[in-house]
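Right, one structure below, let's go through it.
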Amino acid sequence: MLHHHVTGPADAPPLILGPSLGTSHAVWNSQLPWLTRRFRVLCFDLPGHGGSATGLVPASEPGRTTVQDLASLILDLANHHRWSSFHYAGISLGGAIGAHLALHQPERIASLALVCSSAHFGPAQPWQERARLVRRQGTTPLLRSSPDRWFATTPFAGTHIGRRLLDNLAKTDPTGYAACCDALATYDLRSSLAQITTPTLVVAGSQDSVTPVQHARELAEGIPNTVLEVIDCGHLAAERPHALQAALTAHLITFQKIQR
């Protein structure tokens with residue numbers, strides 16, 4: 001299974017937190033003190049990221065991995081812990097995984113939070129080109145540009161959490177990172193958003209250049225029963241933990257009581 005850890009009261013409603021491409025479960029660290037008081041929280045690492053093996057993707061050859069493959073790995077985790085349903089929150093690619101689950105396994109998802117995510121992350125070619133680059137040279141070429149993509153203010157890269165996330169990127173296995181790029185290249189739920197019935201929160205970063213606010217608006221306008229919140233951050237809302245916590249609190253408490 002994917003590398004993961006579970007914290008919080010054993011009898012609390014389960015909540016799974018999905019990380020973004022190039023990071024690890026550490027992207028959620030600032031939220032855990034509050035979340036683990038109210039939920040049984042599972043944080044996981046994507047294949048080739050953090051402690052997860054790249055070999056967990058069904059096929060690591062270029063172009064083979066899909067978001068469906070990644071979503072299946074999350075269901076494996078939930079089944080292992082005997083969670084028939086669970087809350088889910090995910091950042092960027094982590095959000096895409098949650099949206100896929102809400103569309104195709106609606107009975108499993110009690111509530112959904114999509115943070116700096118999208119129904120479609122742009123044309124396939126740039127993702128395919130990035131996958132080829134990383135397969136050839138590793139993630140090192142991405143380290144210089146990532147702070148500008150990830151954070152609204154460059155100095156945040158020098159904070160403890162900023163350094164931790166960039167270190168995650170530096171240590172990510174190239175094959176695993178490239179496989180996740182392949183998944184993003186083919187991901188497109190734009191025509192299916194209206195079929196998602198899960199109560200949903202969409203959080204946008206006002207300074208997010210990767211998934212700009214209009215991506216969040218498309219999600220919020222397409223998915224019924226959705227609340228949109230915009231906070232002052234870049235692509236990784238970890239730089240504004242209190243604002244993200246406030247948005248998640250209002251959303252999760254509303255849908256906290258679920259059938260285990």
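Computed from the coordinates by the stated procedures, all read-outs in this text should not be read as laboratory data. Just so we're clear, the structure is a prediction, and the values are computed from it rather than from any experiment. Positions of Cβ are backbone-derived with ideal geometry, glycine not excepted, and every protein chain shown enters the neighbour counts.
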Considering (1) in contact (Cβ under 8 Å) with a residue 60 or more places away in the chain; (2) in a helix (DSSP H, G or I); (3) touching a strand residue (DSSP E or B) at 6+ places or on another chain (Cβ under 7 Å), say which one residue 203 fails and leave the rest.
(2)
Only one of (1) under 16 Å from the mean Cα position of the chain (by Cα); (2) within 29 Å of residue 256 (Cα to Cα) fails for residue 150. Which number is that?
(2)
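Which residues, taken from segment 79-105, are part of a helix (DSSP H, G or I) and surrounded by fewer than 21 Cβ atoms within 10 Å (Cβ to Cβ)? I'd like the intermediate steps shown before the answer.
Taking segment 79-105 as the starting set, the residues that turn out to be part of a helix (DSSP H, G or I) are 79-80, 93-104.
79, 80, 103, 104 - these are the residues of segment 79-105 that are part of a helix (DSSP H, G or I) and surrounded by fewer than 21 Cβ atoms within 10 Å (Cβ to Cβ).
Given the criterion surrounded by 23 or more Cβ atoms within 10 Å (Cβ to Cβ), out of contact with any Gly (no Cβ under 8 Å at 6 or more places or on another chain) and either touching a residue at least 12 places away in the same chain (Cβ under 8 Å) or part of a loop (DSSP other than H, G, I, E, B) (or both), identify the matching residue among 73, 42.
Residue meeting the stated conditions: 42.
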Under the condition of being in a loop (DSSP other than H, G, I, E, B), touching a residue at least 40 places away in the same chain (Cβ under 8 Å) and not β-branched (Val, Ile, Thr), which residue from segment 54-70 is surrounded by the most Cβ atoms within 10 Å (Cβ to Cβ)?
60
What is the residue count in segment 106-149 for residues that are of a type in the set (A, V, I, L, M, F, W, C) and either more than 25 Å from residue 68 (Cα to Cα) or loosely packed, with under 14 Cβ neighbours inside 10 Å (or both)?
2
Could we say that residue 102 is under 19 Å from the mean Cα position of the chain (by Cα), closer than 24 Å to residue 236 by Cα and free of Cβ contacts under 8 Å to residues at least 40 places away in the same chain here?
no
Selection from segment 7-24 of residues among the hydroxyl-bearing types (Ser, Thr, Tyr) and either part of a strand (DSSP E or B) or more than 21 Å from residue 92 (Cα to Cα) (or both) yields 7
Of all residues in segment 128-167, which are assigned to a helix (DSSP H, G or I), free of Cβ contacts under 8 Å to residues at least 40 places away in the same chain and among the basic types (Lys, Arg)?
136, 163
Going through (1) within 12 Å of residue 115 (Cα to Cα); (2) touching a residue at least 24 places away in the same chain (Cβ under 8 Å) one by one, residue 213 fails only at (2)
Hits in segment 1-53 (condition: on the phi > 0 side of the Ramachandran plot and under 13 Å from the mean Cα position of the chain (by Cα)):
22
Out of segment 217-239, which residues are without any contact (Cβ under 8 Å) to a residue 40 or more places away in the chain and more than 28 Å from residue 83 (Cα to Cα)?
217, 221, 229, 230, 231
